[in-house]
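Taking it in order: structure first as structure tokens, then the write-up.
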């Protein structure tokens with residue numbers, strides 16, 4: 001029971017918390033204190049991109065702790081320099097500066113600050129089905145159920161409708177629509193005036209894997225240019241290969257002004273995030289004060305973990321594996337949908353969802369069936385979604401076995417066609 005523990009559990013009433021004790025893991029699997037070995041089809045909290053038990057990253061943390069374990073925000077050391085250079089190379093030649101943070105929420109908080117300082121504007125746009133973090137500025141951007149509970153939050157955030165093609169908020173069909181989900185953002189900026197930035201996840205992940213039509217990002221990029229607003233790509237969940245590309249926005253050939261990252265940056269082996277800043281924004285702060293800072297900015301052991309994580313991505317060709325297995329995940333999701341006879345399926349790379357309407361009791365049955373099969377993923381009965389985001393190191397056999405086991409669980413919970 002949760003009252004046996006002297007700490008809070010997140011995003012839940014404490015009496016209903018269902019904790020488990022992790023003891024380790026390897027690759028796409030993790031182990032628990034009761035002797036369980038689970039196939040991790042959700043990368044824990046979407047962060048374990050390189051997989052569990054990667055000794056290379058653990059050893060890199062140990063080496064850094066022996067060399068330099070404490071630093072200061074204005075200090076320079078090799079791992080910090082190398083990490084920044086690697087992130088800039090990954091983002092592209094027009095990016096020139098990195099601001100380090102402790103995680104994704106702080107990355108978006110500092111992107112808010114940078115956008116406000118640079119544009120001298122106070123409004124920002126985000127989508128209703130979005131998640132940008134739990135701190136006050138980031139949760140103000142967030143559009144899902146986590147925001148209303150703490151309102152009033154940061155003033156000046158305007159929410160717009162989503163790229164939700166299966167349930168178009170504009171009543172259109174993707175084959176014949178005029179991409180109103182994208183053009184509406186430009187319309188809102190014209191009506192609002194004074195918008196500093198538009199914050200978008202390349203694919204809203206935890207809110208249903210809403211894969212946009214290919215024209216979406218280019219339309220929003222042009223709208224931001226026309227309005228003098230910055231475009232922020234929140235790559236906290238999508239970044240580092242989750243969608244089959246290093247960054248999710250790279251699927252659509254668009255260059256944002258700011259890129260926020262965390263999760264896969266160190267794959268959960270250390271707490272670190274970053275804002276990657278385009279040179280046209282970064283150069284402004286050559287002569288203007290960047291009013292932002294953190295005591296644990298670019299902590300040495302976190303930088304070392306992130307550098308080694310990025311090397312693992314390269315050496316083990318994990319981005320390529322995610323791209324290769326993307327069609328496999330989609331095929332298996334389509335098979336699940338065919339078996340239960342209803343619902344929607346969406347995916348990009350190793351990020352996918354099956355969405356269907358069913359009573360909460362049936363979703364509860366699904367959770368029990370998954371526990372019996374030792375399958376871990378992100379199930380939300382209230383929103384009718386089961387989201388898959390396995391470690392990028394998963395093998396095709398592991399993925400297929402896990403997805404077919406999920407299919408059996410889904411049939412047991414929802415019935416077969």
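Read the figures in this text as sums done on the coordinates, not as results from a lab. These numbers were taken from a predicted model, which means no experiment stands behind them. Here the Cβ positions follow ideal geometry from the backbone for every residue, glycine too, while neighbour counts run over all protein chains shown.
Some notes on this structure:
- Take the Cα of residue 94, step 7 Å toward its Cβ, do the same at residue 373, and the gap between the two points is 4.5 nm.
- Taking 48, 198, 58 in turn, the Gaussian network model of the chain (Cα-Cα springs below 10 Å) assigns the largest fluctuation to 58.
- As a proxy for reagent exposure, ranking 360, 265, 294 by other Cβ atoms within 10 Å from fewest up yields 360, 294, 265.
- Kirkwood analysis of the stretch 177-225, using all unique Cα-Cα pairs, places the hydrodynamic radius at 11.6 Å.
- Pairs of Cα atoms farther than 17 Å apart, the stretch 66-207, %: 69
- With neighbours defined as other Cβ atoms within 10 Å of a residue's Cβ, the residues 187, 144, 315 order from fewest to most as 315, 187, 144.
- More than 22 angstrom apart: percent of Cα pairs within the stretch 1-138: 63
- A convex hull fitted to the Cα coordinates of the stretch 222-381 yields 191 cubic angstrom per residue.
- The stretch 69-150, Rg to Rh (Cα coordinates; Rh as Kirkwood inverse mean 1/r): 1.04
- Inter-centroid distance (Cα atoms) of the stretch 317-335 relative to the stretch 243-309, Å: 26
- What the Cα convex hull of the stretch 192-261 gives, in volume per residue, is 88 Å³.
- Dimensions (Å) - the chain, Cα atoms, principal axes, largest first: 63, 58, 43
- Taking every DSSP bridge with both residues inside the chain, close to 65 percent are antiparallel.
- With the largest listed first and rounded to whole Å, the semi-axes of the equivalent ellipsoid of the stretch 301-405 from the Cα gyration tensor are 29, 16, 12.
- Compared with the alpha-carbon gap, the fully stretched path from residue 146 to residue 12 is longer by 47.1 nm at 0.36 nm per residue.
- Rounded FRET efficiency, nearest 0.05, which uses the C-beta distance separating residue 335 from residue 168 and R0 of 41 Å: 0.95
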